[in-house]
Amino acid sequence: FGETNSATTTYMNGSKRGPSSISGYSGTVFEPIDEFKGDIARCLLYFAVRYEDQVDSWSHPMLNGTNDQVYEDWFIALLLDWHNNDAVNQRELNRNNAAYIHQGNRNPFIDNPSYANMIWNPTPDTEAPTDPTNLVAFNPTDISISLTWTASTDNIEVTSYDVYINGSYSFNTINNSAIATGLIPNTNYCFRVKAKDAAGNESGFSNETCETTTDNGVGVSCLVESFENIPSNNGSYQTRTWTGDNGGNWVATDARTDLTLNNRAITIRNGSLTAPVSPGGIANFTVTTKRVYGGSSGTFNLKVNNNVVGTIAYGDQDVSQTITIPNINIEGNVSIVIDGNSTSGNRVVFDDLSWTCYSNLDTENYDLDKISVYPNPVSNQLNIQLNSTEKTQIEIYNILGKRVLTKTIHQSQSIQLDNLNSGVYILKLTQGNTTISKKLIKK
């Protein structure tokens, strides 16, 4: 067993056969599909302890000729990775119970998964990474700030960094750079970073750096999806549906839900990711990707209203990267779909997806001799100023297209918006057969 990046044979269920891509072994290996990797790892770990008194006399490339370690270092690392990333499921529990009924023994790594690391990784690592240094915040936009810092060092390996915003934990990244997104325009944010290793040891904080978002009136997030509401962890590839952070129905096909990137994330193989239809248009699109379980670099297509507007790249295995597709600039209702994996069988994790609104219409486009709308952004009270008594219908829609307010006026009037949540809305004003639309920001 092993992993291969250049399969010579791919089987009907996605399993592969080809030269090993794992350092330490260059022969031919068989790579099962993800949902069986943990099952196989636990079977082989059980094999090692069950035949401890015989295995040292056997010969095989994955065996090291001992009865206390049993397997070569590269194979132990592989089995522990499969074991830790494909958790015990109900199918395994049922099989373990059935085996006990017929044989009178059980697989201890199914009943107690922690035993694997206790046996093959028994020496605890208690040394924390060094503190990150030279943290710098730069490139502010209305909704984001970029961060970079000097990487920490560790006696074994630094695995990730926790990013704190204004003193509170915000997100995790495996790189020594990141983009803090979902921020509020014209707001000061202060950042600090901690390093972590595989044993969970944490460094102290980095230096603190602060930056203020811009207030250019563009780049406001129309939709943000963190994937925290996806279905419960499951390692099989199926169709998944859930309600997104901003409401609406999301659908992912050929997808699993048990892997993480910054936090919970959706993993797609040869399927697609479909967002709910949203008003407000799309200017720039951003998402973070990471390829897992072998394969090679590739791309997915980004479609808006069924037209390909760009490609979403994924790179080296277990390396996350944030992709931004700028200047899409499509107005009105938008339907967003990610599909068309360029390399069949690659498994790609998606996290922290968002896009910014786009509209050519703004207050300056109005005939200000007839109508004025202010302030925008608005806190609680929106003023509509008319210079006539013509009947004017006011409608406000949220980013999912649901109308949240309607009102008809014949003279200038103030409208209370206390009951609206902070976010982006579409304001429609209609007089006779003429309708104008405007992006409205509720603070």
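None of the figures in this text is laboratory data; all of them are computed from the coordinates on show. Given the structure is predicted, the values throughout are model-derived calculations rather than measurements. FYI the Cβ positions are ideal-geometry reconstructions off the backbone, even for glycines, and counts take in every protein chain you see.
Can you sort TYR293, TYR51 by how many other beta carbons sit within 10 Å, fewest first? Before the final figure, lay out each step's value.
Values: TYR293 23, TYR51 13.
Lowest to highest Cβ neighbour count: TYR51, TYR293.
Helix 34-50 and the longest principal axis of the Cα set of the chain meet at an angle near 30°.
Eigenvalues of the alpha-carbon gyration tensor of the chain, scaled by 5 and square-rooted, set the equivalent ellipsoid semi-axes at 52, 24, 19 angstrom, largest first.
Cysteines without a disulfide-compatible partner in the chain, using Cβ under 4.7 Å as the rule? Result for the chain is CYS43, no neighbouring Cys Cβ within the cutoff.
Run the numbers on the chain and let me know its relative contact order in percent, using alpha-carbon pairs under 8 Å that are six or more apart.
Working: 1082 pairs, mean separation 43.5, N = 443.
Reported relative contact order: 10 percent.
Assuming charge only on the beta carbon of Lys and Arg (+1) and of Asp and Glu (-1), the dipole of the chain about its Cα centre is about 1720 debye to the nearest 20.
Computed from phi, the 3J(HN,Hα) profile of region 265-273 under the Karplus parametrisation 6.51, -1.76, 1.60 (θ = phi - 60°) reads 8, 9, 10, 10, 9, 10, x, 9, 10 Hz, with x in place of Gly and Pro. For the chain, set up a Gaussian network in which alpha carbons nearer than 10 Å are linked by springs, and say which option among SER177, SER226, SER168 fluctuates the most. Most flexible of the set in this elastic network: SER168.
Each part gets one Cα centre, and for region 52-110 versus region 248-324 those centres are 34 Å apart.
Rounded to the nearest 500 deg cm²/dmol, what is the calculated helix-only ellipticity per residue at 222 nm for the chain, with -39500 (n - 2.57) per DSSP H run of length n ≥ 4? Each step should come with its number before you reach the end.
Details: 5 runs with 54 residues, N = 443.
Roughly -3500 deg cm²/dmol at 222 nm, from the helical runs in the chain.
Taking the longest Cα principal axis of the chain as reference, the axis of helix 90-103 is set at about 20 degrees. When the chain is treated as a GNM, springs tying every alpha-carbon pair under 10 Å, which of THR126, THR257, THR286 comes out with the largest mean-square fluctuation? Evaluated over the chain, the most mobile residue of the options is THR126. Once the Cα atoms are used to define both axes, helix 73-85 deviates from the longest principal axis of the chain by about 40 degrees.
Overall, region 221-356 carries a charge dipole of about 280 debye about its Cα centre when +1 sits on the Cβ of Lys and Arg and -1 on the Cβ of Asp and Glu, all other atoms neutral.
Pairs of Cα atoms under 8 Å, at least six residues apart: use those to get the relative contact order of region 221-356, whole percent. Write out the running numbers ahead of the final one.
Numbers: 407 pairs, mean separation 42.6, N = 136.
Value for region 221-356: 31 percent.
When the chain is treated as a Gaussian network with alpha carbon springs shorter than 10 Å, the biggest mean-square fluctuation among ASN263, ASN166, ASN107 belongs to ASN166.
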